Structures are given as C-alpha cells and as structure tokens.
Amino acid sequence: MRSIRTICCILCSLVVLGFVSCKKLPEPQKIAFLAIGQSNMVGIGDISSPEDTIVSPRFLNLASTENEDRKVGEWRVAKPGNCRPGYQRPNFLSPTDYFGRTVLEHLSPIDSVAIIQVAVDGCPMRLFDKDLYKGFVDSCQMDWMKNEIAAYDGNPYGRLITLAKQAQAQGWVIRGLLIHQGETDAYGPHWPNQVNKIYQDILTELNLKAEDVPVLAGEAVGLDQNGVCAHANPTIDQIHDYIPTAYTISSRACKVSRDNLHFAGVGYRRLGTRYAIKWLQLNGYDVADDTDSKLQSESGNPGDAFAVDAFIRQQDNKLMVAAAVPLASVDIVSYSGATLATVQGDGKRALEIDATPYNGEDRLVLNIHAADGAVVNRQVNR
C-alpha cells in the first residue's frame, strides 16, 4: 500500500514539474528604429571616453553603406559610426549611439535594440521624399554630396525602406523614426509638411501604425550655444502641431563643436539620451528628464539652462514683446536666416517694435535675449 502511495506521489510530482517546465517563457523583444537626417545625424562627435566604444551585443546596427568594415544589409554591433565610417577617423558619435544604449538600459535583459541609419551631410528634407528625391539628385552640383548619395545607390529613402523590410522579415519590430535635419531648410511650414509626407510614406510601405511609431525630431544647435542655424528651431519646435505623433527633442545645453553647427561628443551623448528619454516616456517608462537644475549645475551658466519666459502679440503694425525678466535685446531674423535688425531692451520687461519695415516678410523669428544671458526664439507668422 505504501509503495502505491509513493508511486502516486512521484507521478503527481512529475505532472507538476511538467507543467512548470512547459510554462512559456517571455519572448525577447527585437525593437528597431529608423534614423534619417543630415550631418548631425551622421554625427561628428569626438570619442573622448572608453565607454563610448563599449557597446552591448544587444545593441545592433543594420549597415546601410559599404566599407572595409561593413557590407550593406549585414548586422554589426552598433559601435560608433552607425551611419558610415568617418573620413578622418573610423569612429565618431551621433545621436543614435546613446539613444540605443539608454533605451536598452530600461528593457528586459533578453531584449535587443537596432538602428537603421541613413543620412547625408547638408541635404534638404526632400532627399528623403520618394517622389522628389530624383529631381534633387539630378540637380545636385556638389561632388561630395553626390558621392554620399551614391553610397545609397542614389536613393537614400529606398535604401532605408529596403533595410527596414529586411529587419521586419527577420523579426524586428519598428518602433520609432528619429530625425535630425533642418539646418538646411526648416524655415517654414513646408518643412513639417514634408516630414509628415515622408512619415506617412514610411508607415504605408512598412505597414506601420503612427501610434506605434513616434517621430522624434532633434533641434539644431540653439542660441544658447550661438548656433549658426538656431533660426531653424522655431519650425522644428512646432512639429507636434503638424504631426500629432511627432515630438521635438531639445538641444539646449548640448555642448557644440567649434563651428557652432555640429555637436561635440558630450553634446551627442546628451542629445541622444534625450531622444531615448522621450521614447521611453511615450511608452510608459517612468524615466525622469535631465532637469533644468541639473543642466545649470553642469554648465555653471544659467543662460545655458533656462529659456526666457516670453510671449509676442501682434497689434496693427507692431510686435509687442513681453517677458518675465529684464530684456537685453531682441534680434529680428528672417526665415532665410538674415538678421534684419536688433532692438535694445535696456532692461525693460516689455518692448513695442515697429514691424512696418518687415511687411514683406511672411514669417519672422525673434531671438529674445534676457539681461542675465538667457535666450529664447519665437516664430511670428504675419
């Protein structure tokens, strides 16, 4: 009798163990991101720390160009140089480096992140428009740009879609579109409308839903860093008004290189981390922003950390500028980037500017400088 009971207990234990051993384990996520843009998406950030070159084997890059260290369509660990190798050095940082690392830090240890990156120095957004790119390529007069475009067989958008479909066929799920472009042409509503057209084409061709694939668009180097293309930021900052699933990534206090156009290595780290923080927040992760107080403590300059709390009202032929702090000056800038005039603030908190001389301008950017060095730019549609 005892032996029968013993056998029954053993059988019951085996059944229980069988159920445990057959329990389905969670499937690893394979999350891919598309990245497009011009030189700041290519990235020229210097590698100044050993951690820049230490990359998890779960962070991958699907090569979009061919070189001695890669072939188109082959997977590689996403070491710096995810767009292509550098001209003067093999590796350099771009926003995608610390974007991918930061996202990966918050995922399960069995999950992976991949970047598919296509970018051309100095290019306009229409280079990524499948209906307009050919006209631009045919008219391009710059040999260096033609060579970069040729690396994508003359069609950067086509290369992006081909690689994205390859990744999908291999089990990767595309969860975002990263953009850093605008220094060339983000000077009016044509730019966000063009971004939206490209975005909709991508969603259609890859059978994606907008709510699953947000657009994250990074600002150009800002006025806080004397950015030579900072006047593109008012347009970039409005992208959410045109595309509900698009969000601007601030470049504030991201350290820049000497040309005041590109970011330095540590600037790309911060910018890429901000892209990741935004994506994580949109997907329900409890991740804090890099706060203004943190930026101030790192920069030591309140002007690098805080923008001016200011607003503009148009009345008749006047622009009424008001701020919460004393004003040093207001630059009036055209959408072509030309500074038309500078009005001194003399420490006042409100200025009345005669707009008559600018009646031929459909849009203006006002660069508002506070007496303490803080700055903000505001767009004026007329």
Local charge sum around residue 183 (other residues, Cβ-Cβ under 13 Å, Lys/Arg +1, Asp/Glu -1)?
-> -4
Burial ordering of 39, 64, fewest other beta-carbon atoms within 10 Å first | 39, 64
Per DSSP loop assignment and a cutoff of at most 12 other beta carbons within 10 Å, the chain keeps its longest run without exposed GluC sites (Glu not before Pro) at 75-382
Report, in degrees rounded to the nearest 10, the 0 to 90 angle that the Cα long axis of helix 2-21 makes with the longest principal axis of the chain.
-> 20
Rounded to one decimal in nm, the spacing of the 7 Å Cα→Cβ label points at residue 288 and residue 207 is 4.3
Under unit Cβ charges (Lys, Arg +1; Asp, Glu -1), what dipole magnitude, rounded to 20 debye, does the chain have relative to its Cα centre?
-> 1620
Taking the Cα centre of the stretch 307-381 as origin and charging only Cβ (+1 Lys, Arg; -1 Asp, Glu), how large is the dipole, in debye to the nearest 20?
-> 120
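A short reminder: the numbers here are calculations on the coordinates, not readings from a lab. Just so we're clear, the structure is a prediction, and the values are computed from it rather than from any experiment. FYI the Cβ positions are ideal-geometry reconstructions off the backbone, even for glycines, and counts take in every protein chain you see.
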